[in-house]
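Taking it in order: structure first as structure tokens, then the write-up.
The values are calculated or read from the model by the stated rules, or taken from the named source; none is laboratory data. Quick caveat: nothing in here was measured; it's all calculated off a predicted structure. All Cβ positions, glycine included, derive from the backbone under ideal geometry; neighbour counts span all protein chains shown.
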Amino acid sequence: MTDRVSCVVADQAASDGESNGDMMATIDLAQALQLELAHQVASDGKATVRVRGELDIATADQAYAYLRDVVDSQPGPVTMNLAELTFCDAAGLSVLARVAGHARRSGRPLKLAAARPSMVRIMRITGMDETFPEVRSQALTVISWPRQSSASTHN
């Protein structure tokens, strides 16, 4: 089984200004809080997007563009794994609602998984549990993400 992975990182640019390879792009946002979005497509066509860090006003536009592109590029269902989402403000909730609307208009299923209890609570309070019915259940599905091997070089 071969999975395709791509990643977008929104944080302060590295001092050398170079990207970390073909699969990653760095966006320079002044004093932005870090957000990492990565998606993986399994051999059965199901895509999982890992949302890691802070989804807020500083990262909302890039996050929406990335998530919209993932939904558009996948013929099968897309699941957003929120296990590593550490903060989400009103702009972040708006991103989730906009992506859900885009997916619905495109006829593509979009689900959430592994949201933290505080995130589930705010989604219920704001009525987003109608957009994402899985939020109504007692426990969202936990999705495991394959561990990435890290290589280090010694000179």
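Give the residue that is surrounded by the most Cβ atoms within 10 Å (Cβ to Cβ), with candidates limited to residues of region 41-76 that are under 15 Å from Ala100 (Cβ atoms) and over 14 Å from the mean Cα position of the chain (by Cα). Here the answer is Gln74. Scanning region 100-143 for residues that are part of a loop (DSSP other than H, G, I, E, B), over 22 Å from Val71 (Cβ atoms) and at pLDDT 90 or above returns no hits. Exactly one residue out of Val71, Val51 is in a helix (DSSP H, G or I), out of contact with any Phe, Trp or Tyr (no Cβ under 6 Å at 6 or more places or on another chain), closer than 25 Å to Ile122 by Cα and in contact (Cβ under 8 Å) with a residue 24 or more places away in the chain, and it is Val71. In the set (1) touching a Gly at 6+ places or on another chain (Cβ under 9 Å); (2) within 28 Å of Asp44 (Cβ to Cβ); (3) at pLDDT 90 or above, the condition left unmet by Phe87 is number (2).
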